[in-house]
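The values are calculated or read from the model by the stated rules, or taken from the named source; none is laboratory data. Keep in mind it's a predicted model, so treat the numbers as computed, not measured. Backbone-built Cβ (ideal geometry, glycine too); neighbour counts: all protein chains shown. Ligands, DNA and RNA are excluded from the accessible area calculation, which covers all protein heavy atoms including side chains. Shrake-Rupley method; radii C 1.70, N 1.55, O 1.52, S 1.80 Å.
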Amino acid sequence: MTVNNTDIAIIGAGPYGLALASYLGGSGRSVRIFGSPMHSWSNHMPRGMHLKSEGFASNLYDRKSELPLVAYCAERAIPYGDIGVPVAIETFIAYGLEFQRRYVPSLENVQVTSVKQSAGGFELSTAAGETFTAGRVVVGAGIVNFAYLPPEVASLPSAMVTHSSRHSDLSGLKGRKIAVLGAGASAIDIAVLAAQAGADVSIVARIPELQFHSPPNEPRPLLQRLQAPRSGLGTGWRSRMCTDIPLVFHALPASLRVKIVKNHLGPAPCWFTREAVEGHIRTILGVTVAGAHSDGQKVELTLRQPGNGDVRLEVDHVIAATGYKAAVSRLAFIDGSVRSRIRTVDEAPALDRHFESSVPGLYFIGAAAANSFGPLLRFAFGAKYAAKRLSARLT
């Protein structure tokens, strides 16, 4: 039986969903938001890591900006700096939970299991057995659905290969020989924390050298600030344009947008992990994984070196820190009849200037919107832009 009609249903309770729900508070619209608060951060990122984003770019956003991260840290005497003080993931998770308690107390900690089209909108079902209708649905389901495993290792038994998003607790890797695939912040964080937990770690990557970010040097001279202005995505005019003019990005040809999202901000570990890597963790760089074989006990990776012979690496387990690829097909809770009508750009939903998909009333925010609005939407920093623009549309 279908009950409890609502104007707007938000699926996802990470930075994007929470910010949007906060902005919609007091709008006069009936709003329901579903999901476990900060779930991806607390269950799919390794304990002990630090955010890549600077403090000023790690805020959660309510309409009045009453609880930026600096205010939360001040309340609890937690060291904070706009720049140069890495934010512990435990701090960010606790901050998100406090934000939810204050600004989104109506959050329903239950998963939406189905979204179907219905007369005048959508019919949603939850894991608790409730079915209700909503005039409009916003999907902010985060990145975990989009975890990408390269085909070279995807066929390995699931016990022998995992995506980095499956590891929040690395203590179980003690004494095991691990290969971490990737050269970005996620790969290096996993490698460092696994090594500290007692694993024998090898970092395997295509690039010939790890490209660590340089430590921030603030205050910067005026000329340096003009040449490479700071933004929530880092320094440089390209990043600044991504944060300041996402609608200009939206107006670019789709093929160019996809190319920029794929190539902007390539793999770059955080500066504060460098000391823990160099001289402490084995790196096998400038190679590609040409094959992977498992006998059920071990994995043998075949690593190809251009101009040289292949290298064999035997490990107990492979962790693929190989990023995420947004794809409508991965959102299984959206009914197939609805998914088939969503126009896509490189498998991600193609969105109009107000985050609406080709299915009227169905919106996407967060990583799923990056191919339409740019790299800004891949980071928590983009939640303010999405919440402000979409809430204005919905109200």
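Structure data summary
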{"item": "Odd one out for Ile281, checked against (1) open to solvent by 30 Å² or more (accessible area, probe 1.4 Å); (2) on the phi < 0 side of the Ramachandran plot", "result": "(1)"}
{"item": "Those strands (runs of 3 or more DSSP E) lying entirely in the stretch 9-126 with at least 3 residues in contact with a strand residue (DSSP E or B) (Cβ under 6 Å, 6 or more places away or on another chain) and surrounded by fewer than 20 Cβ atoms within 10 Å (Cβ to Cβ)", "result": "112-118, 121-126"}
{"item": "Options Ala159, Ala141, Ala183; residue that is in contact with a helix residue (DSSP H, G or I) (Cβ under 8 Å, 6 or more places away or on another chain) and either of a type in the set (S, T, N, Q) or assigned to a loop (DSSP other than H, G, I, E, B) (or both)", "result": "Ala141"}
{"item": "The listed residue being open to solvent by less than 20 Å² (accessible area, probe 1.4 Å), in a loop (DSSP other than H, G, I, E, B) and in contact (Cβ under 8 Å) with a residue 12 or more places away in the chain, out of Pro269, Pro208, Pro216", "result": "Pro269"}
{"item": "Test for Ser171: is it under 30 Å from Glu54 (Cβ atoms), surrounded by fewer than 18 Cβ atoms within 10 Å (Cβ to Cβ) and within 24 Å of the chain's Cα centre (by Cα)", "result": "yes"}
{"item": "So Ala380, is it crowded, with 23+ Cβ neighbours inside 10 Å and within 18 Å of the chain's Cα centre (by Cα)", "result": "no"}
{"item": "Leading residue by the ranking (surrounded by the most Cβ atoms within 10 Å (Cβ to Cβ)) among those in the stretch 309-323 that are of a type outside the set (Asp, Glu) and more than 27 Å from the chain's Cα centre (by Cα)", "result": "Val315"}
{"item": "Counted residues, the stretch 93-113 - those being charged (D, E, K, R) and touching a helix residue (DSSP H, G or I) at 6+ places or on another chain (Cβ under 8 Å)", "result": "1"}
{"item": "The stretch 229-264, residues that are hydroxyl-bearing (Ser, Thr, Tyr) and within 15 Å of Glu54 (Cα to Cα)", "result": "Ser231, Thr235, Ser239, Thr243"}
{"item": "Subset tally (residues that are in contact with a Ser or Thr (Cβ under 8 Å, 6 or more places away or on another chain), free of Cβ contacts under 8 Å to residues at least 12 places away in the same chain and crowded, with 17+ Cβ neighbours inside 10 Å) for the stretch 219-263", "result": "1"}
{"item": "Val258 being closer than 21 Å to Ala195 by Cβ, among the β-branched types (Val, Ile, Thr) and touching a helix residue (DSSP H, G or I) at 6+ places or on another chain (Cβ under 6 Å)", "result": "no"}
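Every residue, every condition in (1) without any contact (Cβ under 8 Å) to a residue 24 or more places away in the chain; (2) basic (Lys, Arg); (3) open to solvent by less than 60 Å² (accessible area, probe 1.4 Å), yes or no:
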position: Glu347; (1), (2), (3): yes, no, no
position: Ala367; (1), (2), (3): no, no, yes
position: Ala370; (1), (2), (3): no, no, yes
position: Lys388; (1), (2), (3): no, yes, no
